[in-house]
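Read the structure below first, then the notes.
We did not get these values from a lab; they are worked out from the coordinates using the rules stated. Since this is a predicted model, take the numbers as computed values, not measurements. Reconstructed Cβ throughout: ideal geometry from the backbone, glycine too, with neighbour counts over all protein chains shown.
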Amino acid sequence: MSHPLYVAFIWHQHQPLYKSRAAGGEYRMPWVRLHGTKDYLDLVLLLERYPQLHQTVNLVPSLILQLEDYIAGNAIDPYLKFALTPMEKLTSEDKKFALEHLFDANHHTLIDPHPRYRQLYEQRQEKGPLWCLDNWEDEDFGDLAAWHNLVWIDPLFWDDPEIAGWLKQGRGFRLRDRQAIWEKQREILARIVPQHRKMQDDGQLEVTTTPYTHPILPLLADTDSGRVALPNAPFPERRFQWAQDIPRHLRKAWTMYQQRFGRDPRGLWPSEQSVSPAILPDVARQGFQWLCSDEAVLGWTLHHFFHRDGAGNVLEPDLLYRPYRLDTPYGNLAIVFRDHRLSDLIGFTYGSMPPKKAAADLVGHLEAISRSLKYRQGTGSTTLDTPWLVTIALDGENCWEFYPEDGKPFLESLYGMLSDRSDIKLVTVSEYLDRFPPTATLPADKLHSGSWVDGSFSTWIGDPAKNRAWDLLAEARQVMENHPEATEETNPEAWEALYAAEGSDWFWWFGEGHSSNQDAIFDALFREHLTALYQALGEPVPESILQEVEEHTPQGSQVPLSFIHPVIDGRGDEQDWNFAGRLEVGGARGTMHRSSAIQRVWYGLDHLNFYLRLDFKSGIRPGKDCPPQLNLLWYYPDRPMPNSPVPLSEVPDVAPANYLFHHHLEINLLSQSVWFQEAIDGWQWHSRNSRAQIALDKCLEIAIPWADLPTEPDWMLHLALVLSEDDKFCDSVLEEGLVAIGMP
């Protein structure tokens, strides 16, 4: 029997619990409301236009609860409060808040397309917040409040007469306009869950759920499960072992699902795709039939590293593209593992590509997977003899902010291409499993304990700040245990506070790895939940909970926090480089010369390019106040290939200038031209074409395509930066070490 290539898309919709327990129930941040009007409803409405395409959407219970709070009119956040306040009643603090936060949006896709919003943004950027405070009228602040809400309404709804009228109006928004915009937001929010239920009842959609407040279940069972992948990492002083909380989170999620969707859920998206042997019996006993994790977890379980070819396609497709069975005392579970790279391409890269080209690229990867599987059959057949399943699973909300028109052109192109194919079929996970139950088994006790992040829990434990938070949680959980009279029925406030504190999001933002300008708010929310637990139990609140888990001060140097997609125009857009790695002059790590003409180096990547940005000190003129040539030199550790000395004269015999390198890109800062070379045998250099982009204006920005560098996925490369003049060495930009980065 021949089969198409089955593909399961799983979109994960989640927001942390933003509701404050210390501010009268006010929501600290607006992201449930704003993503609710931009990302949840339109995703499935767009899919509904292609009824032959089936997908899976995961709705986290804590998200649903907050949506319902807004729909009922019981939720207010500072952004919404500002919009609903008469402008003449604004205080100076209100206006400062607006100038700091009401431009919280990707300006390329959400602000720049709208002239009035762009005008306000450019004034804030170019003239500064203080100028705006002194010169803006009430109308300016009213327009800012209106536009911040309008741009978060998905373009799919712009044909609504009221929304179209506001977009055309442009300026002069009154209080009644802003109130009407809020009512339109509530209308959209109210349609989200019913539309998912309708499409599930129609058979086009499968809706799954997640443990109640999005906790990392393996760490609730035992924080030492993190030692499986990180045996030498420092761990909390208090070992958290409260496996009995796992069935509580699962039961509450199950009950909520039944009430909203009129049926039992079948699939479970374990928070952060985190699994371990300890959680499986509870998952099966609750009645779930399948769960989803990441290819890294499968690789660790099989003791196999998934290799990829130069195009990024898995070389062992028969291991990844299939469901597996897990046997538990309460029945079998199926588990699917996502293709990490395909998921990341949608999440982090395709937004920077033309929509049709991006869609064609994804379909091309699926075609390559199909060809590889056919080749492995060894029968010469032009069709697949086995029903393979490719799982693409990712965050379903945050990526679209970086796509033109919130991803609508990309998804329309992708769905249009797939609708015409008989050899690629989009399915829900359950409908695939109903037809093709797993034939391969993973021993449940051998399942790796890990998440989608490198198959470890490093994002949530093992850092000093994260560990302090676990210690606070463990202490509070023991206090809870000391009150057996406080059951979920007799003291629901204490239990709800505990569940909220056990959520994963607080630990995500603590310590190294992730950061935002709202870290202090997440810190406060975590401690508010713990405070509420003590108060509900009538216990004194420990002094440790009244203190911040960590200091929230701007850092100097930092490692890359996520993929970046900067526009190469030499302007150094702050949003473009927000998640990049950063090396400061004379910073805490002592990475650069204090006397250097270069003040700061930024670096990052996506699946298309390696990016570099150099900020010059104020008043520096390249070619006059600093050497006119910048040399980028790469070598690849542990890779056998020809390497050559730096192709400059008078190079000192000190590291890293005396290393041997494989690639050299010289950038002339005066002519803004580039010269690219590759090392060959005999310590020689050979010129090559380069597709590197450079731009020098307020700073120097560079994009080097991975196609220029003979790397493969997961290769490490080390980069040195050297200044020269007339091909004579002048200075190493980096005082010690090199920029180390891995190809995705």
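Can you pull the percent of Cα pairs in the range 64-195 with separation above 24 Å?
Of the Cα pairs, 28 percent sit more than 24 Å apart.
In whole angstrom, how far apart do the alpha carbon centroids of the range 420-453 and the range 207-233 sit? Computed from Cα coordinates, the inter-centre distance equals 21 Å.
Once you have a ≥ b ≥ c as the square roots of the Cα gyration tensor eigenvalues for the range 319-428, tell me rounded if a/c is under 1.5, and otherwise prolate or oblate according to whether a/b is larger than b/c. Show your work: numbers first, answer last.
Values: a/c = 2.44, a/b = 1.33, b/c = 1.83.
Cα axes put the range 319-428 in the oblate bin.
With R₀ fixed at 22 Å, the C-beta to C-beta distance from Q244 to Q535 puts the FRET efficiency at about 0.45. In plain terms, the bigger the Kirkwood radius, the slower the diffusion; for the range 130-192, with that radius from Cα pairs, at 20 °C and 1.002 mPa s, Stokes-Einstein puts D at 172 µm²/s.
Taking amide H as placed 1.01 Å from N in the peptide plane, the amide H of L561 sits under 5 Å from that of A580, G581, each at least 5 places away or on another chain.
Kindly rank 366-376, 475-485 from highest to lowest mean number of other beta carbons found within 10 Å of each residue.
Numbers: 366-376: 16.7, 475-485: 15.1.
Descending mean neighbour count gives 366-376, 475-485.
Taking 1.306 mPa s as the viscosity and 10 °C as the temperature, the Stokes-Einstein diffusion coefficient of the range 141-294 based on its alpha-carbon Kirkwood radius rounds to 83 µm²/s. For K168, the lysines whose Cα comes closer than 17 Å to its Cα, not counting residues fewer than 8 places off in the same chain, are K184.
FRET efficiency for the pair T382 and D714, taken as 1/(1 + (r/R0)^6) with r the Cβ-Cβ distance and R0 = 35 Å, rounds to 0.65.
Classify the range 464-546 as rounded, prolate or oblate, taking a ≥ b ≥ c as the square roots of the eigenvalues of its Cα gyration tensor: rounded when a/c is under 1.5, otherwise prolate if a/b is larger than b/c and oblate if not. Since a/c reaches 1.5 and a/b is larger than b/c, the shape of the range 464-546 is classed as prolate. What aspartates and glutamates does K252 reach when the alpha-carbon gap must be under 17 Å and sequence neighbours fewer than 8 apart in one chain are set aside? Qualifying aspartates and glutamates at Cα under 17 Å: E68, D264, D282, E488, E489, E493, E496, E502.
The modelled label-to-label distance between D201 and A440, using points 7 Å beyond Cα along the C-beta direction, is 3.9 nm.
In summary, the lysines within cross-link reach of K698, defined as a Cα separation below 24 angstrom excluding same-chain residues under 8 places away, comprise K127, K617, K624.
Dividing the mean sequence gap of close Cα pairs (under 8 Å, 6+ apart) by how many residues the range 64-195 holds gives a relative contact order of 35 percent. Label the chain by shape, choosing from rounded, prolate and oblate, from the square roots a ≥ b ≥ c of the eigenvalues of the Cα gyration tensor; if a/c is under 1.5 it is rounded, and otherwise prolate applies when a/b is larger than b/c, oblate when it is not. It is rounded, given that a/c, with a ≥ b ≥ c, falls under 1.5.
By per-residue mean of other Cβ atoms within 10 Å, what is the highest-first order of 108-114, 9-15? Before the final figure, lay out the partial values.
On the way: 108-114: 17.3, 9-15: 22.9.
My ranking of the peptides, most packed first, is 9-15, 108-114.
Note on Y375 and R688: the model spin-label points, each 7 Å out from Cα along the C-beta direction, lie 2.3 nm apart. Between the beta carbons of E316 and K356, assuming R0 = 45 Å, the FRET efficiency works out to 0.90 to the nearest 0.05.
A crude spin-label estimate for the pair D94 and Y659, with each label 7 Å from Cα along the Cβ direction, gives 5.6 nm.
Contact order for the range 581-742, expressed relative to its length and based on alpha carbon pairs under 8 Å spaced 6+ residues apart, stands at 26 percent.
Taking the Cβ of A22 as the center, what net charge do the other residues with Cβ under 15 Å away carry, scoring Lys and Arg +1 and Asp and Glu -1? Write down the numbers at each step before the final one.
Working: positive: K19, R21, R28, R527; negative: E26, D77, E493, E496, D523, E528, E548.
Charge balance in the 15 Å sphere: -3.
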